[in-house]
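Participant: Before I ask anything, let me first share the structure, which is written out below as C-alpha coordinates.
The values are calculated or read from the model by the stated rules, or taken from the named source; none is laboratory data. What you see is a predicted model, and the numbers here were worked out from it, not measured in a lab. Ideal geometry is used to build each Cβ from the backbone, glycine not excepted, and the neighbour counts take in all protein chains shown. Heads up: the accessible areas ignore ligands, DNA and RNA and are worked out on the full protein's heavy atoms, side chains in. Shrake-Rupley method; radii C 1.70, N 1.55, O 1.52, S 1.80 Å.
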Amino acid sequence: MAISQEEVQKVALLARLLLNPQEVELMTTQLGQILEYMALLREVDTEGVEPMAHAVEMTNVFREDRVEPSLPRELALLNAPNRDEACYRVPPVLGEI
(Lines give C-alpha, C1' and ligand atoms only; values in the text may rest on other atoms or scores of the structure.)
Protein backbone atom coordinates (compact mmCIF):
# COMPACT_ATOMS: atom_id res chain seq x y z
CA MET A 1 0.00 0.00 0.00
CA ALA A 2 1.55 3.27 -1.08
CA ILE A 3 1.24 6.58 0.70
CA SER A 4 1.57 9.92 -1.04
CA GLN A 5 3.66 12.87 0.03
CA GLU A 6 0.44 14.86 0.39
CA GLU A 7 -0.87 12.29 2.90
CA VAL A 8 2.41 12.46 4.82
CA GLN A 9 2.20 16.26 4.91
CA LYS A 10 -1.40 16.05 6.16
CA VAL A 11 -0.43 13.62 8.92
CA ALA A 12 2.54 15.84 9.83
CA LEU A 13 0.21 18.83 10.03
CA LEU A 14 -2.22 16.94 12.28
CA ALA A 15 0.71 15.86 14.48
CA ARG A 16 1.99 19.45 14.49
CA LEU A 17 5.29 18.41 12.92
CA LEU A 18 7.21 20.71 10.65
CA LEU A 19 8.92 18.56 8.02
CA ASN A 20 11.27 19.87 5.37
CA PRO A 21 11.03 18.38 1.83
CA GLN A 22 13.78 15.80 2.50
CA GLU A 23 12.01 14.63 5.66
CA VAL A 24 8.69 14.39 3.79
CA GLU A 25 10.36 12.19 1.19
CA LEU A 26 12.00 10.03 3.86
CA MET A 27 8.75 9.68 5.82
CA THR A 28 6.86 8.80 2.64
CA THR A 29 9.29 5.96 1.96
CA GLN A 30 9.37 4.70 5.55
CA LEU A 31 5.61 4.92 6.13
CA GLY A 32 5.06 3.16 2.80
CA GLN A 33 7.29 0.31 3.98
CA ILE A 34 5.38 0.09 7.26
CA LEU A 35 2.05 -0.04 5.41
CA GLU A 36 3.39 -2.77 3.10
CA TYR A 37 4.39 -4.80 6.16
CA MET A 38 0.94 -4.30 7.69
CA ALA A 39 -0.64 -5.55 4.44
CA LEU A 40 1.61 -8.62 4.64
CA LEU A 41 0.47 -9.26 8.22
CA ARG A 42 -3.15 -9.08 7.07
CA GLU A 43 -2.51 -12.27 5.07
CA VAL A 44 -1.64 -14.29 8.19
CA ASP A 45 -4.33 -16.76 9.26
CA THR A 46 -5.38 -15.75 12.78
CA GLU A 47 -8.46 -17.97 12.94
CA GLY A 48 -8.67 -19.52 16.40
CA VAL A 49 -5.95 -17.30 17.88
CA GLU A 50 -7.06 -15.65 21.10
CA PRO A 51 -6.46 -11.90 21.35
CA MET A 52 -3.86 -11.04 23.96
CA ALA A 53 -2.89 -7.93 25.87
CA HIS A 54 0.76 -8.91 26.20
CA ALA A 55 3.02 -11.22 24.22
CA VAL A 56 4.48 -12.79 27.37
CA GLU A 57 2.25 -14.20 30.09
CA MET A 58 2.60 -12.09 33.21
CA THR A 59 1.52 -12.67 36.79
CA ASN A 60 1.01 -10.32 39.67
CA VAL A 61 4.24 -10.05 41.68
CA PHE A 62 2.77 -8.14 44.61
CA ARG A 63 2.40 -9.70 48.01
CA GLU A 64 -1.00 -10.55 49.39
CA ASP A 65 -2.71 -7.80 51.40
CA ARG A 66 -2.66 -8.42 55.15
CA VAL A 67 -4.27 -6.48 57.96
CA GLU A 68 -1.57 -5.41 60.39
CA PRO A 69 -1.39 -2.90 63.23
CA SER A 70 -0.73 0.70 62.23
CA LEU A 71 2.36 2.64 63.18
CA PRO A 72 1.75 4.44 66.49
CA ARG A 73 1.05 8.17 65.98
CA GLU A 74 3.95 9.27 68.19
CA LEU A 75 6.38 7.19 66.18
CA ALA A 76 4.95 8.41 62.85
CA LEU A 77 5.33 12.06 63.95
CA LEU A 78 8.78 11.56 65.48
CA ASN A 79 10.80 12.95 62.55
CA ALA A 80 8.25 15.45 61.25
CA PRO A 81 9.89 18.88 60.83
CA ASN A 82 6.70 20.70 61.85
CA ARG A 83 3.92 19.08 63.86
CA ASP A 84 1.52 19.54 66.71
CA GLU A 85 0.31 16.88 69.16
CA ALA A 86 -1.70 14.96 66.58
CA CYS A 87 -0.80 15.96 63.01
CA TYR A 88 1.83 17.02 60.51
CA ARG A 89 1.76 20.77 59.93
CA VAL A 90 2.25 21.97 56.37
CA PRO A 91 2.03 25.38 54.73
CA PRO A 92 -1.48 26.26 53.53
CA VAL A 93 -2.05 25.52 49.85
CA LEU A 94 -5.28 27.44 49.39
CA GLY A 95 -4.55 30.17 51.91
CA GLU A 96 -5.74 30.44 55.48
CA ILE A 97 -8.99 28.68 56.31
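Participant: What ³J(HN,Hα) values, in whole Hz, does the Karplus curve 6.51 cos²θ - 1.76 cosθ + 1.60 give for the stretch 47-61 when θ = phi - 60°, with x put for Gly and Pro?
Facilitator: Taking θ as phi minus 60°, the curve returns 4, x, 8, 6, x, 9, 8, 8, 6, 10, 5, 10, 10, 5, 9 Hz for the stretch 47-61.
Participant: Sort 61, 56 from largest to smallest accessible area, using a 1.4 Å probe on the heavy atoms of the protein chains. Write down the numbers at each step before the final one.
Facilitator: Numbers: 61 125, 56 90 Å².
Highest to lowest solvent-accessible surface, that is 61, 56.
Participant: Please give the calculated 222 nm ellipticity per residue for the chain, where each DSSP H segment of at least 4 residues contributes -39500 (n - 2.57) and the sum is spread over every residue; nearest 500 deg cm²/dmol?
Facilitator: Helices in the chain give a 222 nm mean residue ellipticity of -12000 deg cm²/dmol.
Participant: Please compute the contact order of the stretch 1-45 in relative form: average sequence separation of alpha-carbon pairs under 8 Å and at least six residues apart, divided by the residue count, as a percent. All intermediate terms of the calculation are to be shown ahead of the outcome.
Facilitator: Values: 21 pairs, mean separation 23.6, N = 45.
Over the stretch 1-45, the number comes to 52 percent.
Participant: Return the Cα extents of the stretch 1-89 along principal axes one, two and three, sorted largest first, each rounded to a whole Å.
Facilitator: 71, 44, 16
Participant: For the chain, find the longest principal axis of its Cα atoms and tell me its angle to the long axis of helix 5-14, 0 to 90°, nearest 10.
Facilitator: Roughly 20 degrees between the two axes.
Participant: Something else about it: Between rounded, prolate and oblate, where does the stretch 4-49 land on the alpha carbon gyration tensor, with a ≥ b ≥ c its root eigenvalues, rounded for a/c under 1.5, else prolate if a/b exceeds b/c?
Facilitator: prolate
Participant: If each of residue 82 and residue 10 carries a label point 7 Å out from its Cα toward its Cβ, how far apart are those two points in nm?
Facilitator: A separation of 5.8 nm, rounded to one decimal place.
Participant: Amide H of residue 83 versus every other amide H placed in the peptide plane: which residues, excluding those fewer than 5 positions away on the same chain, fall under 5 Å?
Facilitator: 89
Participant: Suppose a student asked you for the relative contact order of the chain, using Cα pairs under 8 Å spaced at least 6 residues apart; what percent would you report?
Facilitator: Relative contact order comes out at 20 percent.
Participant: Can you tell me the 0 to 90 degree angle between the C-alpha axis of helix 21-42 and the longest principal axis of the chain, rounded to 10?
Facilitator: Here the helix axis deviates by roughly 90 degrees.
Participant: If you roll a 1.4 Å probe over the heavy atoms of the protein chains, what accessible area per residue do you get for the chain, in Å²?
Facilitator: Value for the chain: 102 Å² per residue.
Participant: Round to a whole number: what % of the accessible area of the chain belongs to carbon and sulfur, probe 1.4 Å?
Facilitator: On the chain, the fraction of accessible area on carbon and sulfur atoms equals 58 percent.
Participant: In nm, what is the difference between 0.36 nm times the number of residues separating residue 29 and residue 65 and their Cα-Cα distance?
Facilitator: 7.7 nm
Participant: Right, something else. With unit charges on the beta carbon (Lys/Arg positive, Asp/Glu negative), name the residue among 12, 87, 38 whose Cα is farthest towards the positive pole of the charge dipole of the chain.
Facilitator: Farthest towards the positive end: 87.
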